[in-house]
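Below is one structure, written out as structure tokens, with a few remarks after it.
Here, each number is a calculation from the coordinates, and none is a lab measurement. Computed from a prediction, not measured in an experiment: that's the story for all the values here. Here the Cβ is made from the backbone with ideal geometry for all residues, glycine too, and neighbour counts use every protein chain on show.
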Amino acid sequence: MPRAATATGTVRGPTRALAALGTVSYGFYLWHVPVLLFLRAHGLLPLSTPGAALVGGAASLVVAAASWRLVERPAIAWARRSRRVRERRWVIRQPRPGRHTP
């Protein structure tokens, strides 16, 4: 999981765990239903509600963390790199001041 950080530095203690949970929360939201359906289809989901919530939640959290690490982080890094490249190209293609371009 990513290191949680604020403007003042790295977060420590329970706040760090909450920040990390917030980082993968969207992935958890996206993955929890497919994970629950997979677990139920394969007979891995307990019949009791608390047990199902614990097993399904833990499995969904693992899948969400993997999704963050393997899909979201590389996609964000790629978008940042391509944005920097586009900005550099824009700067390079600008005419020099005082020169007239047809």
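With each label point set 7 Å from Cα along the Cα-Cβ vector, what nm distance links V85 and Y26?
2.2 nm
Roughly speaking, what is the stretch gain from L70 to L47, that is 0.36 nm per residue apart minus the C-alpha to C-alpha distance, in nm to one decimal?
Answer, rounded to one decimal: 5.1 nm.
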